[in-house]
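To start, the structure itself, in structure tokens.
The values are calculated or read from the model by the stated rules, or taken from the named source; none is laboratory data. This structure is a prediction, so every number in the text was calculated from the model and none was measured. Cβ sites come from the backbone with ideal geometry, for glycine too, and all protein chains shown count toward neighbours.
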Amino acid sequence: MMSNEIEQLIGMRRVIHQNPELSGVEYETAAFLKGWLRELNPDEIVTDIGGCGIAAIFNAEKPGPRILFRSELDALPIEEINDFSYRSKNPGISHKCGHDGHMAIIYGLAARISQNRPDCGSVILLFQPAEETGEGARAVVADPRYKQLNPDYCYALHNLPGYPMGQILIRAGTFNCASRGMIIHLSGKTAHAAYPETGNSPAAALSALLQIFPILASKVEIDELIMTTTVHASMGEKAFGTAPADAALLVTLRSETNDGMDLLVQKAEEEVQKVAEENNLEFSIDWADIFDASVNDQGCVNDVLEAAEKTKHDAVLLEAPFRWSEDFGAISASAKGAMFAYGAGEENPQIHNPDYDFPDELIEGGISIFFEIYSAYLR
């Protein structure tokens with residue numbers, strides 16, 4: 001691409017960086033992108049898909065494969081500490097996962113496709129809402145209009161600090177683990193702190209669960225990575241005169257496969273029920289931040305590797321999946337697909353750090369990889 005085109009994309013990325021929006025309320029970001037996409041004259045622009053999602057579609061008259069490339073719209077509830085000129089204008093919100101850069105890559109791909117339209121089939125450039133909460137991709141796939149998009153193949157990337165700039169990391173099978181947040185509520189009966197025996201405190205049950213969850217994975221009979229991480233516990237109020245009635249425990253469950261997650265959830269629910277009943281407590285369980293495993297198709301992995309070779313990117317085949325989750329799994333479950341990690345520099349702060357910033361030098365390379373995949377199918 002010409003240097004002025006890259007500079008335009010960098011400027012676009014920085015405008016988006018200055019105006020971040022949280023998951024599910026990316027209204028201005030979507031409107032901003034819609035204005036830019038209209039200038040490319042796609043055959044169709046689909047808005048409000050899965051919430052704030054937006055998709056630009058380029059069609060050929062000749063039938064052929066339908067290929068989808070995805071970016072994310074949302075930012076994080078993190079206060080930015082960088083002091084550069086384009087720092088976030090929205091207090092407590094910032095693009096600390098690099099979705100601003102991913103948007104610039106997918107828009108840049110759309111711009112290049114607008115000048116090199118498909119000879120057959122269709123290409124879909126999707127800007128998806130609410131990735132950070134795990135809700136966006138599922139909402140997009142559940143939207144009736146997604147059936148009309150009907151992709152045969154889908155691709156995505158995620159920048160990843162800690163690896164050489166521009167290095168591609170990929171594997172077939174599970175690429176990102178499944179995960180979900182478990183919120184356990186325990187309820188008994190308050191009492192005067194001088195007469196705790198007249199009530200029913202959840203203290204013993206909470207203590208038992210705090211010991212059970214760190215070793216819970218060892219009780220699940222499956223040969224894969226599964227784990228639990230206790231993230232928060234609370235009980236009662238700051239009142240020395242009252243023995244508590246209520247407690248809450250938050251645990252993150254993680255597994256290599258969706259089947260493994262099902263077994264882990266079942267075992268976790270059984271243990272909570274057992275402890276609650278032993279202590280004569282009421283209990284309930286809520287779930288949050290639900291991510292399916294993101295599974296890569298071998299053929300689509302080969303597409304990425306071939307594109308990497310043509311664009312002179314170093315590529316590494318991973319032996320094990322990344323433990324972190326990504327809701328692209330809901331999309332790749334609907335069509336053959338592949339996601340890869342894109343090295344963002346060994347010295348760059350990690351994603352979700354308050355001083356992280358997406359490296360602009362990844363934009364051109366990201367576009368080139370996706371354009372090679374697009375060209376292999378549709379040109």
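Yes or no: P359 in a loop (DSSP other than H, G, I, E, B), closer than 20 Å to G101 by Cβ, in contact (Cβ under 8 Å) with a residue 60 or more places away in the chain and touching a Pro at 6+ places or on another chain (Cβ under 8 Å)? Here the answer is no, as P359 does not meet what is asked.
Taken together, the residues in segment 201-223 that are of a type outside the set (V, I, T) and either assigned to a loop (DSSP other than H, G, I, E, B) or closer than 14 Å to E278 by Cβ (or both) amount to 12. Just checking, does segment 299-309 include any residue being assigned to a loop (DSSP other than H, G, I, E, B), modelled with pLDDT of 95 or more, outside the structural domain of M182 (by TED's automatic domain parsing) and acidic (D, E)? Within segment 299-309, not a single residue is assigned to a loop (DSSP other than H, G, I, E, B), modelled with pLDDT of 95 or more, outside the structural domain of M182 (by TED's automatic domain parsing) and acidic (D, E). Restricting attention to segment 211-235 and to residues that are under 24 Å from G199 (Cβ atoms) and in contact (Cβ under 8 Å) with a residue 24 or more places away in the chain, the residue that is surrounded by the most Cβ atoms within 10 Å (Cβ to Cβ) turns out to be I212.
Selection over segment 23-75 of residues that are in a loop (DSSP other than H, G, I, E, B) and either surrounded by fewer than 23 Cβ atoms within 10 Å (Cβ to Cβ) or free of Cβ contacts under 8 Å to residues at least 40 places away in the same chain (or both) gives a count of 15.
Only one entry of A217, A208 meets the criterion of being under 18 Å from F283 (Cβ atoms) and outside the structural domain of I331 (by TED's automatic domain parsing), and that entry is A208. Scanning segment 127-169 for residues that are free of Cβ contacts under 8 Å to residues at least 40 places away in the same chain and either in a strand (DSSP E or B) or surrounded by 22 or more Cβ atoms within 10 Å (Cβ to Cβ) (or both) yields a total of 0. Residues considered: G92, G101. Of these, the only one that is modelled with pLDDT of 95 or more, in contact with a Lys or Arg (Cβ under 7 Å, 6 or more places away or on another chain) and in the same structural domain as L9 (by TED's automatic domain parsing) is G101. Criterion first (within 28 Å of the chain's Cα centre (by Cα), on the phi < 0 side of the Ramachandran plot, in a helix (DSSP H, G or I) and in contact (Cβ under 8 Å) with a residue 60 or more places away in the chain) does A288 satisfy it? Answer is no for this residue.
Restricting A268, A344, A293, A333 to residues that are in contact with a Cys (Cβ under 9 Å, 6 or more places away or on another chain), surrounded by 14 or more Cβ atoms within 10 Å (Cβ to Cβ) and closer than 26 Å to M227 by Cβ narrows the list to A293.
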